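Every read-out reported here was derived from the displayed coordinates using simple, explicitly stated rules and does not represent laboratory data. Being a predicted model, the structure only gives us computed values, none of them experimental. Cβ placement follows ideal geometry from the backbone for every residue including glycine, while neighbour counts extend to all protein chains displayed.
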């Protein structure tokens with residue numbers, strides 16, 4: 001039985017058959033056929049759009065239409081044939097997108113069929129109360145510095161963690177917030193970074209040149225826009241050319257999102273000065 005839901009759509013005129021989206025789809029829903037990417041089965045597409053960030057031609061978008069429901073068990077049957085690395089990537093995909101129901105189905109399939117869970121140890125550590133505190137979510141809004149405090153006395157940081165790989169778009173401090181996406185080096189160059197950019201905002205940091213998992217960054221920024229329903233985005237980069245990739249990443253996420261938000265771009269000079277601030 002078909003139901004109206006979100007699912008990807010491929011613009012065949014824009015598609016050049018590069019195949020990037022095929023490797024970016026954790027569920028095996030895409031194949032290159034006759035030189036073009038094709039959605040081979042509706043039931044394999046979860047509609048989250050992880051493949052969008054892999055397409056250099058902008059040929060993939062999400063639409064809402066009548067389609068058969070996504071089938072996690074069918075996906076897992078295909079994953080089982082491909083091995084533990086593929087299964088692990090898929091489970092992470094479900095976890096990072098907060099797809100709890102599908103994740104439970106996937107884990108149930110593994111248990112029922114006697115297949116080891118390749119993320120078992122990782123999941124245990126995530127739920128250990130005495131585990132590494134580096135990735136534990138902490139809401140610091142109640143203790144953030146207030147107006148009137150000495151700028152040097154207290155941090156303006158309102159949450160933890162701040163690294164984009166570790167941040168969850170579902171965290172309460174992102175909901176309807178003004179959010180800063182900052183390149184790693186900016187806070188070291190700008191001496192007044194907390195007052196200029198963090199005060200009253202949530203923040204995530206990333207390096208567009210050195211960090212792996214850019215496709216996950218794209219998904220998380222899109223989730224901030226669509227799921228957290230953030231108010232504004234401020235992208236803070238250094239003046240060096242490689243930093244421009246962070247703004248490009250945000251623009252791609254914005255283009256892929258049904259919901260739009262205002263985006264400001266601030267550029268920090270190597271000497272620490274704010275060289276420009278413009279709405280884009």
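Length gain on complete extension for the stretch residue 31 to residue 121, per 0.36 nm per residue less the alpha carbon to alpha carbon distance? Extra length from residue 31 to residue 121 when fully extended: 29.2 nm. For region 3-67, the relative contact order comes to 49 percent (Cα pairs under 8 Å, sequence separation of at least 6).
Relative contact order of the chain: 13 percent, from C-alpha pairs under 8 Å at least 6 residues apart in sequence. The Cα atoms of region 167-262 give a gyration tensor whose axes a ≥ b ≥ c have a/c of 1.5 or more with a/b no greater than b/c, which makes the shape oblate. You can think of it this way: the chain between residue 277 and residue 74 has 68.2 nm of extra reach, that is 0.36 nm per residue less the Cα-Cα gap. Working note: 222 nm ellipticity from helices only, DSSP H runs with n ≥ 4, each -39,500 (n - 2.57), summed and divided by the residues of the chain, gives -8500 deg cm²/dmol to the nearest 500.
Of the peptides 198-205, 177-184, 261-268, the order by per-residue mean of other Cβ atoms within 10 Å, starting with the highest, comes out as 177-184, 198-205, 261-268. Stokes-Einstein diffusion for the chain at 10 °C, viscosity 1.306 mPa s, with a Kirkwood radius from C-alpha pairs, works out to 78 µm²/s. Running Debye on region 73-127 with equal point scatterers at the Cα sites and no solvent, what base-10 log of I(q)/I(0) appears at q = 0.13, 0.15, 0.22, 0.24 Å⁻¹? Log-scaled intensity ratios, in q order: -0.27, -0.36, -0.80, -0.97. The label point for residue 139 and the one for residue 57, both projected 7 Å from the Cα toward the Cβ, are 4.5 nm apart. Between 63, 122, 226, the residue with the greatest mean-square fluctuation in the GNM of the chain (Cα pairs under 10 Å linked by springs) is 122. Stretching residue 248 away from residue 155 to a fully extended chain increases their span by 30.6 nm, per 0.36 nm per residue minus the current alpha-carbon distance. Inter-label distance, residue 85 to residue 66: 4.2 nm, where each label sits 7 Å from its Cα along the C-beta direction.
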